[in-house]
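First comes the structure, then the notes that go with it.
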There are 2 protein chains.
Amino acid sequence: MSCVFCEIIAGRLPAAIVFEDEDFIAFLDKSPVFVGHVLVTPKVHHETLTDVPVDALGPLFTRVQSIARAVEAGLDAQGTFVAMNNRISQSVPHLHVHVVPRRKKDGLRGFFWPRTKYSGDDQMQEVAAKIRDALSA
Amino acid sequence: MSCVFCEIIAGRLPAAIVFEDEDFIAFLDKSPVFVGHVLVTPKVHHETLTDVPVDALGPLFTRVQSIARAVEAGLDAQGTFVAMNNRISQSVPHLHVHVVPRRKKDGLRGFFWPRTKYSGDDQMQEVAAKIRDALSA
């Protein structure tokens, strides 16, 4: 089965394209969190952030930064939400960076960032150690 | 008033640090979306993604990528949510990239990505044009 973003990149599926160069493309999400919600994606098919070659990360996030600036300026937004779902909650398995315009009182506060708590400092240190170990593995 | 992340970077406030080098630091969020939720931040105080110098973006997201990998491996997660709140919903005005471990049926699906709709193709094209214009301004 073909990838819907690869089809857009190949020009075989329509999209409201906001940016395109040799290696990246950005287009509007059809089911936006808010109007003007852009997806920025490398043209090469990589599934998640961890699959992108290191030397493509700078160019990718340089595009994301420009698009975040343009979304704010072009749509009179006060900020942006920039995010990637890697594997879980990822609807299309072709890495895409969401750039969503944000405004005060736009209704996303509260339910957007449900939070939990650590049982205490011991649990925090234990969890931090697991991540440090994995980093140096 | 001093910045709480600058205080952590200076070693004047405690944190469960998972990574540190000359230019970046990563530590556990004290109110995690899920246990193991890491914040990755440049040591230089930049407020949002659009304020980070272009040549720091590659190094920053190289660290984010390594940490996403370590969060998955170290905490047995199936994926990650990687996100920045720029200005709106940003609790600390010092850019930080959230890396949140994700697992199937972890409860974030559904309410996490509330979606809306465009009235039609005309509205999409109009919005895309505004962003394109801002990009080339």
(request) Answer yes or no: is there a residue in the range B:1-11 that is part of a strand (DSSP E or B), hydrophobic (A, V, I, L, M, F, W, C), in contact (Cβ under 8 Å) with a residue 60 or more places away in the chain and out of contact with any Pro (no Cβ under 7 Å at 6 or more places or on another chain). (result) no
(request) Select from the range A:61-71 the residues that are within 9 Å of another protein chain (Cβ to nearest Cβ) and touching a strand residue (DSSP E or B) at 6+ places or on another chain (Cβ under 6 Å) and list them in ascending order. (result) A:Val64, A:Ile67, A:Ala68, A:Val71
(message) Out of the residues in the range B:88-137 meeting the condition of being more than 7 Å from chain A (Cβ to nearest Cβ) and among the β-branched types (Val, Ile, Thr), tell me which one is farthest from B:His45 (Cα to Cα).
(response) B:Val100
(request) Kindly check whether there is at least one residue in the range B:77-85 that is of a type in the set (S, T, N, Q), out of contact with any helix residue (DSSP H, G or I) (no Cβ under 9 Å at 6 or more places or on another chain) and facing chain A (nearest Cβ under 7 Å). (result) yes
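Condition check ((1) surrounded by fewer than 22 Cβ atoms within 10 Å (Cβ to Cβ); (2) out of contact with any helix residue (DSSP H, G or I) (no Cβ under 9 Å at 6 or more places or on another chain)) across all residues:
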site	(1), (2)
A:Ser2	yes, yes
A:Ile17	yes, no
A:His46	yes, no
A:Arg63	no, yes
A:Ile88	yes, yes
(request) Would you be able to tell me the number of residues in the range A:79-102 that are in contact with a Phe, Trp or Tyr (Cβ under 8 Å, 6 or more places away or on another chain) and in a loop (DSSP other than H, G, I, E, B)? (result) 5
(request) Kindly check whether there is at least one residue in the range B:91-114 that is at pLDDT 90 or above, within 20 Å of B:Thr50 (Cα to Cα) and among the basic types (Lys, Arg). (result) no
(message) Against the conditions (1) closer than 26 Å to B:Gln123 by Cβ; (2) surrounded by 21 or more Cβ atoms within 10 Å (Cβ to Cβ); (3) in contact (Cβ under 8 Å) with a residue 40 or more places away in the chain, where does A:His98 fall short? Just the number, please.
(response) (2)
(request) Taking only the range B:19-34 into account, find how many residues are part of a loop (DSSP other than H, G, I, E, B) and surrounded by fewer than 19 Cβ atoms within 10 Å (Cβ to Cβ). (result) 5
(message) Return the residues of the range A:4-15 that are of a type in the set (Gly, Ala, Ser) and buried (at least 16 other Cβ atoms within 10 Å of the Cβ); say none if nothing qualifies.
(response) A:Ala15
(message) Taking the criterion of being of a type in the set (S, T, N, Q), at negative phi and not in a helix (DSSP H, G or I), would at least one residue in the range A:52-74 satisfy it?
(response) no
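Which ones in the range A:35-51 are outside any strand (DSSP E or B), of a type in the set (A, V, I, L, M, F, W, C) and more than 7 Å from every other protein chain (Cβ to nearest Cβ)?
Within the range A:35-51, A:Val44 is the sole residue that qualifies.
The values are calculated or read from the model by the stated rules, or taken from the named source; none is laboratory data. In this text the structure is predicted, and so the values were computed from the model without any measurement. Ideal geometry is used to build each Cβ from the backbone, glycine not excepted, and the neighbour counts take in all protein chains shown.
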